[in-house]
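As structure tokens, the structure follows; a few thoughts come after it.
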Amino acid sequence: MTNTWLSLRTNHPAGRSGLARALGGAVLASLIVLVISAAVSGLPGMAQVVLVFGINAVLVVGYQTFAGNTGIVSFGHVGFMGLGAYAGGIAAVPVADKELYFPDMPAFLASWDAGGVLPLLIGGLVAAVAALVTGPALMRLSGAAASIATLGLLVVINNVLSQATPITRGPQSFFGVPENTTFAMVFLSLCATVLLSAAYKWSREGRNARAVRDQPAAAAAAGVSIVRSRTVAFVISAFVTGIAGALYAQLLTAFSPGSFYLGQMVLIVAMAIVGGVNSVTGALVGAAVITVLNEVMRRLEGGVSVAGLTIDLPAGVAAAVLGAALIVTLKWRPEGFLGHRELILAGPVGRGPDIAAARPGQTEEESDAVPVVPAKP
Amino acid sequence: MTAPLLSLDGITAGYRTTPVIRDFRLSLAEGESLALLGANGAGKTTLMKVMVGLLRPWSGRVLLRGSDITEVAAEERPLLGVALAPEGRGIFGTLSIEENLLMGALAVRRKEGRRASRALVAEGLEQVYETFPVLGKRRDDKGCHLSGGQQQMLAIGRALMARPALLLLDEPCLGLAPKVAGELYEALGRLSTAERGVVVVEESSRRALGFADRACVVKLGRKVLDCPAAEAGDDEAIMSAYFGVETEVRS
Amino acid sequence: GASEKSGAGSAKAGAGALECRDGRILVGVAKAESGFASFFDIAGRRGLEVAVDEINDSGGVKGCRLELQARDTKSDPAVGAQVAKALVDAGAQILVVADDFDTGVAAAKVGQSAGVLTLSLAASSTVFGKAVGDLFFSGGITTTELGRAQARYALDQDWKSTFQVIDTGLAYFTEQDEQFRALYEPTGGKIGKVEKVDSLGGQADFSAVISSIKAAKPDVVQALAVYPAVGTFVKQLRAAGVDTPVVGNITLQTKELPGLVGKSAADRIYYAAQIYFEGTGTDPAIDKFVQAYQAKFGQFPEQANAPGAYQTFMAINQALQQDKVVDARTAADTIRGQTALPVPGGTLSQWKDGYAIWDPAVIGLEAGAWSVKKTYQAKNLLGE
Amino acid sequence: MSPAASEATIASKAGQTGPALPEGSPPLEVRGLVKRFAGVTALAGVDLRAGRREILGLVGPNGSGKTTLMNCISGVHRLDEGQVLLQGEEISGRPSRARARQGICRTFQNLKLFGELTVWENVQVGANAVGGRGARPVPDWLDLLRLGPVADAVVRSLPYGYQRRVELARALAGAPEVLLLDEPAAGLNDEETAELRELVLTVRAEVGCAIVIIDHDMDLVTGVSDRVQVLDEGRTLFEGDPRAAFTEQAVVDAYLGES
Amino acid sequence: MTGVLQSVLDALSVGSMYALLALGLTLVFSVMNLINFAYGLLLVWTAYGVVLLGGAGLSFWLVVPLTILLATALSLLMGFVAFRPFIGAPQTTLLITSFGVLLVTQYVAVVIFGEAPRVLQVPEGFNKVLQAGDLRMPVLQLLTIGAAALTVLAFYLLLNRTPYGAQLRAAAELPDVARLMGIRPNRVLMIAFAISGVIAGIVGVLWFAKVGAVTPRSDLEPTLKAFIALVLGGLGRPAGAIYGGLLLGAIEVTMSAVLPGSAIRYTSALVFALVIAMLLARPQGVAGGKAVEV
Ligand SMILES: Nc1ncnc2c1ncn2[C@@H]1O[C@H](COP(=O)(O)OP(=O)(O)OP(=O)(O)O)[C@@H](O)[C@H]1O
Ligand SMILES: Nc1ncnc2c1ncn2[C@@H]1O[C@H](COP(=O)(O)OP(=O)(O)OP(=O)(O)O)[C@@H](O)[C@H]1O
Ligand SMILES: [Mg+2]
Ligand SMILES: [Mg+2]
């Protein structure tokens, strides 16, 4: 298998060139997504779906950056998404419209507006700050306790968004955001976030976080700060999630705090789990699979005729299918489609490790380098 | 001629697609004790799992006193008299020490009924506390609070609580102080009676060979030596069986 | 304002045209089939279906059948916008959105900017039209009439102090509150205390609010929250031994209310509404509607948006039938011109800023039986 | 490995790289350490010293407090009384990660590896803690422990013997001043144990740190230790020359048993 | 004085409802480490049972045992079909699985019963209020307190007077080793789901008798309350569930007495902030007392 130039494996070879190949793999993965999306986007009625997919992908890559590297299932990330959406949305609403829709908005927010990537950065930053403030406390917890604490964070964020009436219109619908989200904006953000997430994963900080995930006591005994390493992951991933929220705001133009609550959370977790929560590549795959599934279900709910047979499923079937997909995935592929594997460029010397005297019972699961055929365009 | 206590009849077993144990045959007479030796990863633990039913063999049969128990579920085998002190000890950390031991006695309870078993269980507890006094002293402490060696004692004690006809011990000396290890084998010597067969898995052989009637060496999932323990005491044969490249099966 | 920049100019060619395509005019329905809003959105959709059946049975719109295509917005404004886009892309010539400003506004803007005639058949907000644009009409009785009718009725009964229980999560309630105050307070009423509740979030325990009501001893309790939480509130209020009259709005208008509150406790409950349909002595046209509804859906109209949507769409239909109406713009102009229009079970006074003005009725549930307590003229209420 | 060869090694170690004379403070010093768990006094006032280049064998019956002592030194447990000093500096109150950065590195009785990381990454995590202080680059450690060929393998998939070495490499990469090994030979066969013995000696020669080793394999302990300390019920029962220890009647009674 | 007494009574009744909720959850948690997001749906199904059977004209006193039976059967079904295959899986896997189960079972409820709220017919007596001086004692409150006390007692006897309690924990911790002892993990699990279902049935009737109407989405509120109670009391200990439930009841009643009316919307945020603080102060309470293992 020395002639493959691309492989799916759980790690990259040691050293600088290995790191370069891993990052190259991430770039390639985002390029593949970009090309396929561009092609699909041209099909009739698909433009919107592709944009939704792109935003979902940013979202899941952001989520994965935390959940994958720290092993903590977070329910709080929908809250970060909401913060990003509101912050980005407020930045993007034109000054004239602010006067109309937000008469009580304080002047320092009402007197300006922003276009282009600025609302995205603002959305990401607000979310990142929220993570930075709460992280040092929340990240002391592990396992289910951490999950429930992040659920608490979500409830708190939701509550705050519902109460900050002058700038969010409270629990009522926030609207008036111009529809600025374009293909280029979504997919450039996606490429950037994939690269950011991969760079983090393979960096020293990311490695420390993964070490804490696998064996917290041993990591501490090796000098790693558990809280700090998790907090770094929390902040980076909140930043990316916030960007996704801001993109979302400018695609849909209207939303309410309820849009960033348990329903959306299930969607994110499902995408991450199905693709493989431990893998950046998996995040892309998961976002694609669930977006397609959702879209198909949405169409079926609306009633579709196939060969003279009208399929008309009762409303809500998308959620049920999502639930079933989750259970089935967890049963047959507990680690998602990709597990810990990433797309990694392999050079001529990049063969798998040589376990000379490997045990007799070396299983297939355990061999970690699965060569794949180079992706077809 | 009575049927042997345990016999493995051409067992092949493994995980997913990789075979670990290949065409393994073994038989253990009533009251006999056997030392099962082999290097790291040879498949000893896997073999134990097959015997207790945690791993279903791909082919072959497990017979207990002549009856085929291959399809009997793991949770039913203690009632037939099979008990294992597993590798890694398997202590219930959230249960107290006494509760751990009572779990071991569950098979007796299920078999004899609640009332009839009461005396047997009390007697069993007494015996275990006598063999390992530290367990008696700490009986209400949680399992996870014990030191490594203490946990090992608890695992063995728990297996004894089932009053097994076939006692299986997977590396019982791991982490035990030399004195305790010595005492353990002495105790095993007493426990191995006409009604009870014992199989001990060990990597280092000295003590096990001193105790067992027979020795059996596993290499890469196959049996490469099966002889009386006294003969195997001849170090050279064992060593060659362990590490040698071409050793024939002697039997 | 923002609402002006859209309109037919940016529309796709022909998107708003109301011609017959393949023998039908496609009506896209972007309403909640699931989630908290589905209770009234589904009722509204069903009311619309009855209207469409009736129109089609009598020859359609100028000989062309109306065809409905409905998709679920899941009670979420963002999903609503997506669904509206999909419907417009699928060729919807008329877009019907949710019966509520908050859940429907994003979807309505999609319709407006695509140049399609866009309707919310039973929404009550007065800002809906301003926020969306000139191709949009919201057809429910507005929060102005609802709020003022409650105030007027309270004053007529000499209920001088009001304890208000409100869910601020919907503009529907906050606007009613404003209008209620505008009439009630200057005319001698006093709103003693306000308690906020979270009916949208499914609040199930109101003991704190009720304790505070017991302490305040008001003449009347105003309950502005969504069903079923508003019913749960009244149930718990009565169970706590408080028999103060309760006044509210359409969210209390359902035949299920006595069952929920408890038969013996279903007393002294009053609400302002657009149509009276749940008791005896209703308008014959509404009786006919109820029968059609029961035949089609196997149940009594579960909520007021069913007859409300029916009524409004029958009004819109009268505009669509005119020869001069060929696209969204001509339809909008014609609709705007409607005044004192007789429709089944009532009269549409006029349109203003894209919303309909109806004369409100106050309906009372006393000792388990309904009756119309009072009907007010919209223009009189406003004048006050 | 033949017994003769190991004899030779022991002899040579004493000559070349034996314990340095105490000059200033020793790398590790523990004074009057007391640790109680609910109802159990695991350590009842233990003193311990390990000098530079010294290998100290820590033995004792099960439950005598060896692991607890190691946990107190590395910061897993908070101690109830007493002091832990690293090169004369008191570190008793510091968290585990701070002690690691100051040079207290350890392995665990039950392996605790970062299962999904590669061998190289595992060792790199250990090296990072000390930043520039690391005596050598990571590949050197891999070579020393003959892990070079499997550097890119995920440790979860490696055989047990390899995993033990990875743990050692990870500890070494942290540039230890004090290296704590808890039952490193458990689960190893005789051959691997002999290898381990060589390895420990090599580490001492190359790194020059103080080493504390717990094990129940007396051949190993006598083979590598310069000195042994025997614990019993949370107290020091004996301290001194390994050979002397195993003839001491108290030690035989409490720990070794007649055999 | 009566005011304080009244508050205590209110807190006790709300709290015992929460305690029951948490008890049903904690049982399954202690058997298989499952934090079951789908638990609230059992309550919802119970309520639909009351709606349908009551609607069919059965006497309420027949309806109640039948719906409790229904909840038990559903709980068993849920456990058997969805969760049994995951025995021994990591906590987070189970958590997410329960989400999947929630989505599916909720959908089934939507398809069968529709989204519209359905009204429960409860006997008029439930809505009565007994008066003792100034003290107001709604019948439903008294019933709730009584039912909770009985359930807790039965539960206590089960866990402490039968060997079942230890078996339960053993099977949860190391299912394979438990099998070696002769414990039948499937059976233990199913018994746990059955008991959890019985409790869900009881609390479902009480909860929805109070609320009066049910929709397929009415599960969120009870589920969140149960989680909070569970965490406050410490996961995995039945006693913790009871303390946690009562504590939450007390907190809520106190908050509504002390907080100004306009702050009612912050209650959920405040309660959750409290939960987080609790977790930070005593994370070990949550982990079920596992010590550092080295
Ligand atoms: N759960 C498992 N999944 C896959 N492979 C396994 C599993 N358990 C063991 N193996 C493999 O089976 C082989 C035999 O393992 P086993 O544990 O039976 O050996 P052993 O003789 O008991 O060794 P040791 O002395 O290390 O305990 C090894 O190569 C091991 O890698
Ligand atoms: N977390 C704990 N809670 C209560 N007691 C504990 C705890 N940890 C250890 N102990 C007790 O402290 C004593 C010392 O335990 P330690 O693990 O240090 O023994 P050890 O010398 O390492 O034994 P071994 O050789 O068996 O590993 C034992 O009696 C043990 O039961
Ligand atoms: Mg083994
Ligand atoms: Mg130890």
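Observations on the model:
- A/D buried area, accessible surface, summed, 1.4 Å probe, Å²: 2900 Å²
- Greater than 19 Å apart at Cα, pairs in E:128/E:210; C:160/E:128; A:98/C:109; C:235/C:255: C:160/E:128
- Among A:64, A:172, A:264, the residue with the largest mean-square fluctuation in a Gaussian network model of chain A, with springs joining Cα atoms closer than 10 Å, is A:172.
- Each of E:192, E:107, E:52 was scored by the projection of its Cα onto the charge dipole of the stretch E:14-219, and the greatest displacement toward the positive side belongs to E:192; charges sit on the C-beta of Lys, Arg, Asp and Glu.
- Long-range amide H partners of residue B:70 with built H, under 5 Å: B:62
- Within a straight-line Cα-Cα reach of under 12 Å, residue B:219 can be paired with the following aspartates and glutamates, leaving aside sequence neighbours fewer than 8 residues apart in one chain: B:203, B:246, B:248.
- About its Cα centre, chain C has a charge dipole of approximately 220 debye under the convention of +1 per Lys or Arg Cβ and -1 per Asp or Glu Cβ, with nothing else charged.
- Per-residue HN-Hα couplings for the stretch B:154-160 [Karplus 6.51, -1.76, 1.60; θ = phi - 60°; Hz; x = Gly/Pro]: 4, 4, 5, x, 5, 5, 5
- The accessible surface of the stretch B:89-163, taken with every protein chain in place and a 1.4 Å probe, is 47 percent carbon and sulfur.
- Sites residue B:23 and residue B:127, calculated FRET efficiency, Cβ-Cβ separation with R0 41 Å, nearest 0.05: 0.60
- Taken residue by residue and averaged, Cβ atoms of other chains lying within 10 Å of the Cβ of E:169-179 number 6.
- Other protein chain Cβ atoms within 10 Å, averaged over every residue that makes up B:91-99: 5
- Residue B:156 - accessible surface, heavy atoms, 1.4 Å probe, Å² rounded to 10: 0 Å²
- Within the straight-line cut-off of under 16 Å between alpha carbons, the aspartates and glutamates reachable from residue C:324 are C:19, C:333, sequence neighbours fewer than 8 places apart in one chain being disregarded.
- Surface exposure of chain B, expressed per residue as accessible area with a 1.4 Å probe, stands at 41 Å².
- Residues losing 30 Å² or more accessible surface upon assembly, the stretch C:74-89, compared with the chain by itself, 1.4 Å: C:74, C:76, C:77, C:78, C:82, C:85
- For the stretch D:82-113 versus the stretch E:198-264, the gap between their alpha-carbon centres in whole angstrom: 45 Å
- Column: log10 I(q)/I(0), Debye, Cα scatterers of the protein assembly as shown, q = 0.05, 0.07, 0.08 Å⁻¹: -0.48, -0.88, -1.08
- Long-range HN-HN contacts of residue E:120 with modeled amide H, under 5 Å: E:213, E:214
- Within a Gaussian network of chain E (alpha carbon springs, distance under 10 Å), most fluctuating of E:197, E:234, E:133: E:133
- Förster radius 35 Å - calculated FRET efficiency between residue A:164 and residue E:129, Cβ distance, rounded to 0.05: 0.30
- Amide proton proximity set for residue C:117, modelled H, under 5 Å, gap of 5+: C:95, C:328
- Here, the stretch E:202-275 is characterised by an Rg to Rh ratio of 0.99, where Rg is the alpha-carbon radius of gyration and Rh the Kirkwood radius.
- The separation of the stretch D:41-72 from the stretch E:126-195, counted between C-alpha centres, amounts to 46 Å.
- Cα centroid separation, the stretch E:1-57 to the stretch B:10-42 (Å): 52 Å
- Computed helical MRE - 222 nm, the protein assembly as shown, DSSP H runs ≥ 4 contributing -39500 (n - 2.57), nearest 500: -16000 deg cm²/dmol
- Estimated buried accessible area (total), pair C and A, 1.4 Å, Å² to nearest 100: 2000 Å²
- In sequence order, the stretch A:240-250 has phi-based couplings of 5, 4, x, 4, 4, x, 5, 4, 4, 4, 7 Hz under the Karplus curve 6.51 cos²θ - 1.76 cosθ + 1.60, θ = phi - 60°, and Gly or Pro positions carry x.
- Dipole of the protein assembly as shown computed with +1 at Lys/Arg Cβ and -1 at Asp/Glu Cβ about the Cα centre; of C:151, A:108, E:133, farthest Cα towards the positive end is C:151.
- For chain A, the longest principal axis of the Cα atoms and the long axis of helix A:280-302 meet at an angle of about 50 degrees.
- Taking Cα centre as origin and charging only the Cβ of basic (Lys, Arg, +1) and acidic (Asp, Glu, -1) residues, the dipole magnitude of the stretch B:89-163 rounds to 300 debye.
- Proximal lysines relative to residue B:223, as straight alpha-carbon distance under 19 Å, when same-chain residues fewer than 8 apart are discounted: B:44, B:49
- Taking only protein heavy atoms and a 1.4 Å probe, the accessible area of chain C is 49% carbon and sulfur.
- Debye-sum result for chain D in log10 I(q)/I(0), which assumes one identical scatterer on each alpha carbon, at q = 0.12 Å⁻¹: -0.69
- Computed in the context of the full set of protein chains, the accessible area of the stretch A:1-105 at 1.4 Å probe radius has 70% of its extent on carbon or sulfur.
- For the stretch C:238-252, Karplus couplings with θ = phi - 60° (6.51, -1.76, 1.60), whole Hz, Gly/Pro x: 5, 5, 7, x, 9, 10, 4, x, 10, 10, x, 9, 4, 5, 8
- Restraint check, C:193/C:374; D:35/E:225; A:201/A:331, Cα-Cα greater than 31 Å: D:35/E:225
- Taking a ≥ b ≥ c as the square roots of the eigenvalues of the alpha carbon gyration tensor, chain E is oblate, as a/c is not under 1.5 and a/b does not beat b/c.
- Partnerless cysteines in the protein assembly as shown, where a partner means another cysteine C-beta under 4.7 angstrom, comprise A:191, B:144, B:173, B:216, B:227, D:72, D:105, D:209.
- Given charges at Cβ of Lys, Arg, Asp, Glu: chain C dipole, positive-most of C:91, C:311, C:245: C:245
- Chain C packed on chain E takes about 2300 Å² of accessible surface away from a 1.4 Å probe, both sides summed.
The values are calculated or read from the model by the stated rules, or taken from the named source; none is laboratory data. If you're wondering where the values come from, they're calculated on a predicted model, not measured in any experiment. Neighbour counts run over all protein chains shown; Cβ positions are idealised from the backbone, glycine included. Please note that ligands, DNA and RNA were not included when accessible areas were found on the heavy atoms of the full protein model with its side chains. Shrake-Rupley method; radii C 1.70, N 1.55, O 1.52, S 1.80 Å.
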